[in-house]
Amino acid sequence: MEKTEARVRIVVEGKVQGVGFRYFVLQKAQELRLRGFTMNLPTGEVETVAEGDKIFLEDLEKSIRQGPRGSTITNVTVQWQKPWGGYRTFEIKK
């Protein structure tokens, strides 16, 4: 099966800060061997940018839509893009 490299930007709104959301995303992304980052935005949302095999990115999106216990998601914005490269690992940006 052919790998399809892609990039996705996901912004999650709701009760997503202070509930371990970024650590939840980090763990999922590392399990899926994705590259990129997740970070809190000053507006209260959490942004995730990830690159890797499109199938694994879709798995990450599904997990993010569910979120960790304690989170309440009110909106998810997903933008698919061409991969840019430049990420070697997945990390939490401060």
Some residue of the stretch 55-67 being surrounded by 18 or more Cβ atoms within 10 Å (Cβ to Cβ), of a type outside the set (A, V, I, L, M, F, W, C), assigned to a loop (DSSP other than H, G, I, E, B) and at negative phi: no
Residues within the stretch 1-41 that are small (G, A, S), surrounded by fewer than 19 Cβ atoms within 10 Å (Cβ to Cβ) and within 16 Å of E61 (Cβ to Cβ), tallied: 2
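Determine whether the stretch 13-28 contains at least one residue that is of a type outside the set (A, V, I, L, M, F, W, C), closer than 17 Å to R88 by Cβ and touching a strand residue (DSSP E or B) at 6+ places or on another chain (Cβ under 7 Å).
Start the filter on the stretch 13-28 by keeping residues that are of a type outside the set (A, V, I, L, M, F, W, C), which leaves 13-15, 17-18, 20, 22-23, 27-28.
Filter again for closer than 17 Å to R88 by Cβ, leaving none.
Within the stretch 13-28, not a single residue is of a type outside the set (A, V, I, L, M, F, W, C), closer than 17 Å to R88 by Cβ and touching a strand residue (DSSP E or B) at 6+ places or on another chain (Cβ under 7 Å).
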Residue satisfying all of: in the stretch 42-54; outside any strand (DSSP E or B) and in contact (Cβ under 8 Å) with a residue 12 or more places away in the chain; surrounded by the fewest Cβ atoms within 10 Å (Cβ to Cβ) among these: G44
Filter result (touching a residue at least 12 places away in the same chain (Cβ under 8 Å) and more than 15 Å from the chain's Cα centre (by Cα)) within the stretch 72-87: T72, T74, K82, W84, G85
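Throughout, read-outs are computed from the coordinates displayed, never taken from laboratory work. Values in this document were obtained by computation on a predicted structure and should not be read as measured data. Note that each Cβ is placed from the backbone with ideal geometry, even for glycine, and that neighbours are counted across all protein chains shown.
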